[in-house]
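The values are calculated or read from the model by the stated rules, or taken from the named source; none is laboratory data. Bear in mind that the values here come from a model prediction, so they are computed numbers and not experimental data. Please note: Cβ atoms are built from the backbone with ideal geometry, for glycine as well, and neighbour counts cover all protein chains shown. Calculation scope for accessible area: heavy atoms of the full protein, side chains included, ligands and nucleic acids excluded. Shrake-Rupley method; radii C 1.70, N 1.55, O 1.52, S 1.80 Å.
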Amino acid sequence: MQEFAFTVTYTDGVDDLMDVFINNPGLYSRTVSCHATEDTMWRVDEVTGPQEALTAYDQRISNLSRCSNLRGMGGCQIDWEHEVLSEQPTSRVIYSQQSEGSGCRSIPYLVATHLGDGALCRAEQYSGTYRWRILADTAASLTPIHEELRANLREGLELTFERVDQSPEWSERQVPGSKLSHEQREALELAAEYGYYDSPRQLSLQEIAEAEGMPVSTLQYRLTRAEAQLVTTFLSEISG
């Protein structure tokens, strides 16, 4: 099997849905499942971020008429519907279904058409980035997908093919940290940024909390919870 990835970078104002990610840097989405046929594409996405970012995301998808993941990377009107399968303060699990039509084909449809049965797709969205990973048979040619995406790329978008990997790591396990709340991820990021995990340690939790204007007890609690979650996930993976 081989894996390749490509990234589409969006500028502000080009795509309604991607604008939400651009304007909310803490917002992150990844596919849990994705499937396409000649007529329809179905997918389930896990979206995480601060509450205000998820509120903006909820409002946008409730009025979505154009999709970001079509051939040409969006812009076509679509027949699209969705359902919230799970809702937490800092996360959502979204089921969506969209019709496939002439000139408006999803990326998974193009992959299935050019690479045949058995090809798998995954995607993630954050900031102005929409990144796709494809797993396909080693003998499959990636050139037709590359050419079609290039030919249909619209103004304001940049397409970059990242790699071809003949020995891909395609695990079904959760992305590390994906179960952390936004506050826990933020605590880890602050600790790393200020050198808390450096050797020798650069700043203490007290100093980091003072620099960020937050109670040290809050920072310590969030960091402890985050570390406990990461350790639990790691041990469950290696034991499995």
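In this simple spin-label model, placing a label point 7 Å from the Cα along the Cα-to-Cβ direction at both T224 and Y197 gives a separation of 1.9 nm. At full extension, T55 and T138 could sit 25.7 nm farther apart than now, given 0.36 nm per residue minus the alpha carbon distance. Separation between the V44 and D79 pseudo-spin-labels, each 7 Å from Cα along Cα→Cβ, expressed in nm? In this crude spin-label approximation the distance works out to 2.5 nm.
Computed extension length for T37-T160: 41.7 nm, one decimal, from 0.36 nm per residue of separation with the Cα-Cα distance subtracted. When peptides 143-155, 121-133 are ranked by their average number of other Cβ atoms within 10 Å per residue, the highest-first order is 121-133, 143-155. Distance between the pseudo-spin-label points of T11 and E147 (7 Å out from Cα toward the beta carbon): 2.9 nm. Per-atom-type breakdown for region 80-122 gives carbon and sulfur 44% of the accessible area (1.4 Å probe, protein chains only). Measuring between their Cα centroids, region 47-62 and region 197-215 lie 30 Å from each other.
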